[in-house]
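These notes are about the structure you will find just below.
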Amino acid sequence: MTSETNASETETDMTGTEHEQAADPVESLEAELAEAKDRVLRMAAEMDNLRKRTEREVRDAKTYAVSAFARDVLSIGDNLQRALSAVPGEADEAMKGFVEGVAMTEREFLSVLERHNIRRLDPLGERFDPNLHQAMFEAESPDHAAGHVFAVVQPGYAIGERVLRPALVGVSRGPGAAATGGEGGVDRSV
């Protein structure tokens, strides 16, 4: 019986060793599979981020591609406005036709800008915003609260959320602010 017991123990040892050897490849394959899944997931996330970033860059390029050109043609709109402002109030019939033509040209110009997502900033009466406006002067204005725009020297323009040109404005100190020496609500820290 002793030889049978020894043979049986030897078989058990061999089977246990073979089982351990068989388990090691399964575990290593499972580890490799988990690692491969992790790499695939990371790669998919990276590709998704790349796709989103590319879409954003293309969208921005489409939106802001005309910025330099638009900035250059803004002077045309300014000149059309100056031409209309220079016409005396009482003009003869020939001049009225000319004024009407210039006004129509200016409206068409502004319409074309709007079609390309370029909007005019005409901030009269709005609170002064240093991101959109450039203060040219500050004065008393009985009709406007302190820190509000009471005069627009030159309108500004923005494309999308970016400012092409800030509006050149006069900012109110408020009524009687010169006598009190107040700051007029303009944030001078900017």
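The values are calculated or read from the model by the stated rules, or taken from the named source; none is laboratory data. Just so we're clear, the structure is a prediction, and the values are computed from it rather than from any experiment. Cβ sites come from the backbone with ideal geometry, for glycine too, and all protein chains shown count toward neighbours.
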#### Entry: Boolean, residue 130 is at pLDDT below 90, of a type outside the set (D, E, K, R) and farther than 20 Å from residue 73 by Cβ
no
### Query
What residue, of 97, 101, is farther than 22 Å from residue 156 by Cβ, at pLDDT 90 or above and out of contact with any strand residue (DSSP E or B) (no Cβ under 9 Å at 6 or more places or on another chain)?
101
### Message
If I ask for residues that are basic (Lys, Arg) and within 16 Å of residue 120 (Cα to Cα), which ones from region 47-81 would you list?
### Response
71
### Query
If you scan region 43-72, which residues turn out to be touching a residue at least 12 places away in the same chain (Cβ under 8 Å) and in a helix (DSSP H, G or I)?
63, 64, 67, 70, 71
### Task
Please find, within region 163-190, the residue that is surrounded by the most Cβ atoms within 10 Å (Cβ to Cβ) out of those that are in contact with a helix residue (DSSP H, G or I) (Cβ under 7 Å, 6 or more places away or on another chain) and at pLDDT 90 or above.
164
### Query
Which residue out of 8, 75, 111, 28 is at pLDDT 85 or above and more than 30 Å from residue 154 (Cβ to Cβ)?
28
#### Entry: Criterion (in a helix (DSSP H, G or I) and either at pLDDT 85 or above or on the phi < 0 side of the Ramachandran plot (or both)) met by exactly one of 119, 82
82
### Task
Please tell me if residue 91 is part of a helix (DSSP H, G or I) and either without any contact (Cβ under 8 Å) to a residue 40 or more places away in the chain or within 30 Å of residue 166 (Cβ to Cβ) (or both).
no
### Query
What is the one condition in (1) surrounded by 13 or more Cβ atoms within 10 Å (Cβ to Cβ); (2) farther than 22 Å from residue 64 by Cβ; (3) free of Cβ contacts under 8 Å to residues at least 40 places away in the same chain that residue 128 does not satisfy?
(3)
### Summary
If we take region 123-163, then strands (runs of 3 or more DSSP E) inside it with 3 or more residues that are over 30 Å from residue 63 (Cα atoms) are 133-140
